[in-house]
Amino acid sequence: MMKIKVLSRNPDDYLRETKRDIHKVPRNYDPALHPLQAQREYVRALNATKLERVFAKPFIGNLEGHNDGVTCFAKHPSLLVTMASGAYDGGICVWDLPTRECKRKIDAHDGWVRGICYNTDGSKFLTVGDDKTIKTWNSYVSDQEIEYERDEEPVNVIMSKTMLTGITHHKNEPIFATCGETCYLWEETRTIPLQTMSFQVDTMHDIKFNQLHSHLIGACGSDRSVILYDKREAKPVKKVTMTLRPNRMSWSPKQAYIFAVANEDYNGYSFDYRYLKNPTKIYKGHVQAVLDVDWSPTGEELVTGSYDKTIRIFAAHQSSAREIYHTKRMQHVTSIGWSMDNKYVFSGSDEMNIRLWKARASEKLGALRPREKFAFSYNEAIKERFAAHPQIKRIARHRQLPKYVYNEAKNLRLQINRLKRKESNRRVNSKPDTVPFVAELSTKVIKEEEPKKKRKF
């Protein structure tokens, strides 16, 4: 015999016998369910959202030691407590983050420190500067060997023919790449570059190795382009030209084909290198040029630093920032980074300070008791459940901004609305299909190029 299940409804359960009869309300007689459960959880979500804003104090402290503005960072590949930074005056500081002390201070270069990176095991770090040199330094120096009265000597010095503006190290192999007038691929023990890669660009000012597809190298050019190189073929693979100049780029640690770009047009962008015709996402909110960008180690969020003296944290799939950090004395943010444990953000600015921030503004630092962990996880769950409610959404999105940032953002909105209104009027007063609608993502890239293949004779 075949069983057939049929949905049935008895009209006596939901229809009134007469018009004057009361409406029948269905009830759940399960004693485990409270009749006002949704209302109670809404109140809890509202209170949790308010308390999150009350306890949102992201600033932790600052690192003092530089004599000029901070230009670049280098995160140690295996130690969370160590970080190196370079400045405009050619000085390098090696920091102990738990104590917030400068353990070493080195006069490394004549002019700017353009780039700094650690090698594969973190035993050495490499720096490049305006003096056309690549210098290698030991990461670990005993306290007896540190003398601030004399200059510390590098382990190795390589002279370059042209000025270098960036450096990046391979994740697993003892090779590194530099950029400037040309991209060079170097081996740590050699003084002559292994490969030379160019794409008819005057200058490239930033370069990054892909940490997953380690044969790929990305570089930002002065002709408003982002260029991708393949070290196996010693030639460029793709080039995309944007409307304004990209300042820095960063590869996603989660998806090897995704990279983010900090741009001069006040926005950040994420691209899929398999399809560079349009960016995958635009990160909006800054009111001046975005100078640096970095991904979180999980690849789900990214942080940007801007000339407007603010730091913004974005979810990878959202265009608006979930957090905006600023202080009264912080000047133009020139460099930004995300710690490898996904808990902290550090920023360097023009007024010679490095600042430490919490990646989640209201997060409680230190050890948590089991009841606290359960309470925090429960609050996060109910906030996510009621996140679309207007009152909770309004409280969660509200941020206090500096007056000049607020006014500039207001002016930018007026300009954007004016352009949209102008385009809408042109479309209404023109013949059908003569003024097509163009999505914003399609207006940010001018052209996508690939290197021309050589003819075989």
In percent, how large is the relative contact order of segment 217-273, given Cα pairs closer than 8 Å and 6 or more residues apart? 24 percent
With a cut-off of 15 Å, note down the residues of segment 335-366 whose backbone N falls inside the zone around a label point 7 Å from the Cα of L79 toward its beta carbon. 340
Surface accessible to a 1.4 Å probe, per residue, for the residues of the chain, Å²: 59 Å²
Note down the relative contact order for the chain as a percent, whole number, built from C-alpha pairs under 8 angstrom at least six residues apart. 13 percent
Over 26 Å between Cα atoms, which of K309/K447; K208/K281; K239/K422; K284/K420 qualify? K309/K447; K239/K422
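Mind giving me the FRET efficiency for R427 and L15? R0 is 51 Å, r the Cβ-Cβ distance, nearest 0.05 is fine.
0.50
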Per the helix-only model, the chain has a calculated mean residue ellipticity at 222 nm (DSSP H runs of ≥4, -39500 (n - 2.57) each, divided over all residues, rounded to the nearest 500) of -5000 deg cm²/dmol
For segment 1-122, state the average projected area of the convex hull of the C-alpha atoms over all orientations, rounded to one decimal in nm². 21.1 nm²
Subtract the Cα-Cα distance of S123 and M1 from 0.36 nm times their separation in residues, and report this length gain in nm to one decimal. 36.4 nm
Kirkwood hydrodynamic radius (Cα pairs, Å) of segment 285-412? 16.0 Å
Isotropic mean projected area of the C-alpha convex hull, segment 229-323 (nm²): 6.1 nm²
Peptide ranges 305-318, 410-423, 428-441 listed from the most packed, as the mean C-beta count within 10 angstrom indicates: 305-318, 410-423, 428-441
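Can you give the extra length, in nm with one decimal, that the chain gains between R397 and A381 once fully stretched, where that is 0.36 nm per residue apart less the Cα-Cα distance?
Gain on stretching R397 to A381: 4.0 nm.
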Dividing the convex hull volume of the Cα atoms of the chain by its residue count, what figure in Å³ per residue is obtained? 308 Å³
Segment 246-266-segment 372-431 distance, computed between alpha-carbon centres (Å): 23 Å
What does the net charge come to around T241 if you take all other residues with beta carbon closer than 12 Å to its beta carbon, with K and R at +1 and D and E at -1? +4
Based only on Cα atoms, what Rg/Rh ratio does segment 391-442 have, Rh being taken as Kirkwood's radius? 1.19
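So how do 183-190, 361-368, 204-211 stack up, highest first, on mean other-Cβ count within 10 Å? Write out the running numbers ahead of the final one.
On the way: 183-190: 17.2, 361-368: 11.2, 204-211: 21.9.
Going by the mean number of other Cβ atoms within 10 Å, highest first, we get 204-211, 183-190, 361-368.
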Full-extension gain in nm, V54 to N417, via 0.36 nm per residue minus C-alpha separation: 127.3 nm
List the lysines whose Cα sits under 22 Å from the Cα of K373, skipping any in the same chain fewer than 8 residues away. K50, K57, K343, K358, K364, K383
Projected label distance in nm at A388 and A256, using a 7 Å step from Cα toward the beta-carbon: 3.7 nm
Hull surface over four for the Cα convex hull of segment 168-252, reported in nm², is 5.2 nm²
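The values are calculated or read from the model by the stated rules, or taken from the named source; none is laboratory data. Remember, predicted model here, so these are calculated numbers, not experimental data. Don't worry about glycine lacking a Cβ; one is built from the backbone with ideal geometry, like all the others, and counts go over all protein chains shown. Ligands, DNA and RNA are stripped out before the accessible areas are found, and what is left, the full protein with its side chains, is counted by its heavy atoms. Shrake-Rupley method; radii C 1.70, N 1.55, O 1.52, S 1.80 Å.
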